[in-house]
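Below: the structure, in structure tokens.
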Amino acid sequence: MNEWKQRLTDRLEPALRQPDPRPHVSAYHDMPYAIFRYPPEDEFALRREVGLLRTRLEQAGKRVTVISLAECLQDALAAEGLGPEALAAAERSVGLAPTIETVAQVLSDYQPLDDLVAACIPPDADPLRDVAFIVRAGALFPVYRTSSLLEQLKGKVRVPAVLFYPGESDGAAGLRFMGVLDAEHNYRPRIF
């Protein structure tokens, strides 16, 4: 069994199975979420394991909501009239960097990603029963850093949530998104 799969089954799953998982995933009452780090190249294997984890948790009485950041990104861009053709045309006319900045601005100002993620949580969510999995973070690369998302979700997500993060560790609390970007060291959620 590889290292991340061992962490998923031996550390994360037992924490989420608790009657009240919040203190097991975070030390902050207004940030009941954690980060599960895995190598970006293992994306498809991770998706399979997340599906199996979801099934095991549901069999244990939890309700699991899976939130795809790729779908949130697609919805945000579509709401602003920025489908694939429009993005390709923008990249051809103004270049890659300004197009990336436009997408980042959409996710920050016009269709805030944190609002889109929070809206996916069921309205009747119970922190003792519900768990949210935030997946497909790699779709945000290189446009939007997940450290921003986690900080902006503070106080909006009241159920235990896990961001599945494609990246590398850098020290005790640092993460390098996709193993490429400079490490962010301001992650407050627990890193599994």
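Overview of values
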| item | result |
| --- | --- |
| Selected residue (only one of D109, D114 is modelled with pLDDT of 90 or more, closer than 20 Å to L153 by Cβ, out of contact with any helix residue (DSSP H, G or I) (no Cβ under 9 Å at 6 or more places or on another chain) and in a helix (DSSP H, G or I)) | D109 |
| Condition met for F36 (among the aromatic types (F, W, Y), out of contact with any Pro (no Cβ under 8 Å at 6 or more places or on another chain) and loosely packed, with under 12 Cβ neighbours inside 10 Å) | no |
| Hits in the stretch 62-92 - residues which are open to solvent by 40 Å² or more (accessible area, probe 1.4 Å), closer than 21 Å to P166 by Cβ and not in a helix (DSSP H, G or I) | V66 |
| Residue in the stretch 6-14 that is closer than 28 Å to A104 by Cα and surrounded by 15 or more Cβ atoms within 10 Å (Cβ to Cβ) present | no |
| Test: residue in the stretch 22-30 that is within 14 Å of the chain's Cα centre (by Cα), polar (S, T, N, Q) and surrounded by 17 or more Cβ atoms within 10 Å (Cβ to Cβ) | no |
| Of residues in the stretch 45-61 being among the basic types (K, R) and either closer than 19 Å to P122 by Cβ or free of Cβ contacts under 8 Å to residues at least 40 places away in the same chain (or both), the one least open to solvent (accessible area, probe 1.4 Å) | R54 |
| Residue in the stretch 100-123 that is of a type in the set (D, E, K, R) and open to solvent by less than 70 Å² (accessible area, probe 1.4 Å) present | yes |
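The values are calculated or read from the model by the stated rules, or taken from the named source; none is laboratory data. Please read these numbers as outputs of a predicted model, since none were measured by experiment. Note: ideal-geometry Cβ built from the backbone for every residue, glycine included; neighbour counts use all protein chains shown. Keep in mind that these areas ignore ligands, DNA and RNA; they rest on the heavy atoms of the full protein, side chains included. Shrake-Rupley method; radii C 1.70, N 1.55, O 1.52, S 1.80 Å.
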